[in-house]
Every structure is written in structure tokens, then in C-alpha cells.
Amino acid sequence: MSSRLAVEIAGLKLGNPVMLASGILGSSGMTLKRVVDAGAGAVVTKSLGLEPREGYPNPTLVQVECGLLNAMGLPNPGVHCFGEEIMEAKELGVPMIVSIYGFSSGEFADVAEIAVDAGANALELNVSCPHVEKTGAEVGQSKELVAEVVNKVKNSVNKPIFVKLTPNVADIVEVAEAAVEAGADAITAINTVRAMTIDVETKTPILANKIGGLSGPAIKPIAVRCVYEIRRSVDVPVIGCGGISTWRDAVEFMLAGASAVQIGTAIAFSGLGVFKSVTEGIDAYLKEKGFRSVGEIVGLSNRD
Ligand code: RRO
């Protein structure tokens, strides 16, 4: 691996800046290992809560123009069960970031403590799922609630805290600022965009939950704008997420201000080879343009 690609995010050392996004292949130690073998610089687990959840009935996922629409409904085995998987994943060789959610700030903190005791290297607070009541974006749309959750988790564990934000707000910057003031060590931008699709034959919404979250190429320009705006106003690393499937996408996010990127939906469309093609492409770009590290291009488009 080229040393040009190495990055440090909130004290975590990554061999390359291309991470697995939460929500795909992140529910077991075995699948996380496959992602690491494919070349990811870090992995983020599926979001875990205090209790197991089955999630919504099918259909939970549908392909639409330029992306995927999902309303999985936070299916997960619960953080207690995942403990064993985290133990297994300790041998991964790359940082493991455990995504967590809760139905109160106290619950977020409880889940955080269990995840850290089990070996999480960092936590990503999911305050941005667009379609589960009383958690996710219902927290992330309020800067006061975000600050409360971040503050509570920060006081409960001694590990880096990433906060994953929703684009479904009028002003993502004020939420990012509130998260950072409360102690966030990094911001992940963005979670999926609230959306829906309707079958014209049956005349009903296709997802069982009716409304879901849109991911993939359709949301990339929204995510790039969010990263750009957040980078201008906070002093912690921003991790770009939303529609990245090529090295050009990743470089675009870095020029907007992302210190690292996350890939999710592209795995469903192109397979795990995407990690290698994106990292190799970033490296070739840096070499060709005469940059010595990823850090040298972070936010380059964002200076006036
Ligand atoms: O599980 C889901 O339905 C889900 C989650 Br937790 C999330 O954060 N974002 C999303 O689009 N789906």
C-alpha cells in the first residue's frame, strides 16, 4: 500500500482513506473481514442498539433511478450479541468503528459503553436514519438533541466519536457545529435522503414502510455540498459518504473537504472490487498531480 494513502482520522491510523459505510456487510465479523481483505482502510458496522430488532417487513429495498431506496428499519442483533463479532473483528487489522443508535441519550451512552468494552476502536453515532421513529433523524434534525447525545456519549467512553448527519434538514452546518461543540471528533456526511417510489400498476408505495432512504449516485451532489459546507465551519475531520463508486467520486469529496470517504451502495452494484479500484485510482491521481499525501488535497476546492 502506498504511503501517500495513509491518513489519521481522530487519532485512528488508516492505511488508506476508503472505509466501509454503515449498513452493508457490517453485521458480522466474517463479512467485515471480507471487506478488509478487499482493501478497506477501516470498517463501520451496521447500526447496533441495546435490544435486537427485526426491522421492517419486506420489501425493504428497491432499485430506483441512480440508486437504491431502503427502509430496512434498523434490523440488528443488538449490541450484546454483537460483542462476540467485535471480538472476532479485533483481528481485522484495520480500525473498526461501531455504528450505534438509541432511543434516548442515556441509551446511546449504554450502547456505546458495551461496544467499547467489546473492542470498538471508535463509535459512529447514527442520528440520521430517515425513517425510524424516535431515533435517527428525529434526533439529528435537532441541534439540541444532537448535542445532548454527543455530550452524554463523550462523557461515557474514551474513544473517538464520529457523528453521522442527515441531509434532511434546512441547515446541516448548524447541526455539525452543535455536534462538534458537544465533543464530536469527526463528522460523517451524509446518511440517506428521505424518499419514496410508487408502483403505478398496484398504485401503492413499493416499500412496506412506504418512505425510505435514497442512496447511491443520485445523492452524490447533495453529499458533496454538505461536506463542502461543513468543512468550512468545523475544525474536525469530515468523512464523505453518499454515492461514491469511483476514484473520481472519492477525489471530488476530498477536494470538497473530506479527509476520508465511505462506500456502501456501490458494493451492491459493483462488488467488493470497488475498494481496490477507488484506492488505486486515488493513489494514481495523487502521483500524477505531484501530491505526496491525501491530506494535501483535502479541501483544496474550498479555499477563498
Ligand atoms: O436500517 C435502516 O433502515 C437504515 C438506517 Br439504520 C440508516 O441509518 N439509514 C438508512 O437509509 N436505512
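Please give, to one decimal in nm, the separation of the simple spin-label points placed at Glu88 and Lys134, each 7 Å out from Cα toward the Cβ.
Placing both labels 7 Å beyond Cα along the Cβ direction yields 3.1 nm.
Using every pair of alpha-carbon atoms in the stretch 203-297, split the distances into 10 Å bins beginning at 0 and state the percent of pairs per bin, rounded to integers.
All Cα pairs considered, the percentages come to 16, 41, 29, 9, 3, 0.
Please give every one of the aspartates and glutamates within straight-line cross-link reach of Lys220, meaning a C-alpha to C-alpha distance under 15 Å, and leave out same-chain neighbours fewer than 8 residues apart.
Cross-link targets: Glu65, Glu229, Asp249, Glu252.
Tell me the label-point distance for the pair Arg34, Glu181, using the 7 Å Cα-to-Cβ offset, in nm and rounded to one decimal.
4.4 nm
Can you list which of the GluC sites (Glu not before Pro) found in the stretch 149-238 are DSSP loop residues with at most 12 other C-beta atoms within 10 Å? Can you show the working numbers first?
Details: sites: Glu174, Glu177, Glu181, Glu201, Glu229; in loops: Glu201.
Those that pass, being in a loop and sparsely packed, are Glu201.
Divide by every residue of the chain the summed helix terms, -39500 (n - 2.57) for each DSSP H run of at least 4, and state the resulting mean residue ellipticity at 222 nm, rounded to the nearest 500 deg cm²/dmol. Provide the component values of the computation, followed by the final result.
Numbers: 10 runs with 106 residues, N = 304.
Estimated from H runs of four or more residues: -10500 deg cm²/dmol.
Where does the charge balance sit around Glu288 when Lys and Arg score +1, Asp and Glu -1, over other residues with C-beta under 14 Å from its C-beta?
Every neighbour counted, the sum reads +2.
Can you work out the FRET efficiency for the pair Ser2 and Ser301, with r the C-beta to C-beta distance and R0 = 25 Å, to the nearest 0.05?
Details: r = 23 Å, r/R0 = 0.92.
Efficiency computed from Cβ-Cβ geometry: 0.65.
Tell me whether the stretch 54-151 comes out rounded, prolate or oblate; compute the Cα gyration tensor, take square roots of the eigenvalues as a ≥ b ≥ c, and use a/c under 1.5 as the rounded threshold.
oblate
By its C-alpha gyration tensor, with a ≥ b ≥ c as the square roots of the eigenvalues, how is the chain shaped: rounded for a/c under 1.5, else prolate for a/b larger than b/c, else oblate?
Values: a/c = 1.30, a/b = 1.16, b/c = 1.12.
Rounded, because the longest to shortest axis ratio a/c is under 1.5.
What is the gain in length, in nm to one decimal, between Ser104 and Glu174 on full extension, counting 0.36 nm per residue of separation less the C-alpha to C-alpha distance? Could you put the intermediate results ahead of the total?
Numbers: separation 70, 0.36 × 70 = 25.20 nm, distance 2.11 nm.
Residue separation times 0.36 nm, minus the Cα-Cα distance, leaves 23.1 nm.
Strictly over 21 Å apart at the Cα level, which of Lys13/Lys276; Lys143/Lys164; Lys33/Lys289; Lys46/Lys164 would you flag in this model? Can you show the working numbers first?
Values: Lys13/Lys276 19 Å; Lys143/Lys164 13 Å; Lys33/Lys289 33 Å; Lys46/Lys164 13 Å.
Over 21 Å apart, Cα to Cα: Lys33/Lys289.
Quick one: which residues, 5+ away or cross-chain, put their amide H under 5 Å from the amide H of Thr188? H built at 1.01 Å from N.
Val163, Lys164, Leu165, Ile239
Any read-out appearing in this document is the output of simple, stated calculations on the displayed coordinates, not a laboratory observation. Nothing here was measured: the structure is a model prediction, and the numbers come from that model. Cβ sites come from the backbone with ideal geometry, for glycine too, and all protein chains shown count toward neighbours.
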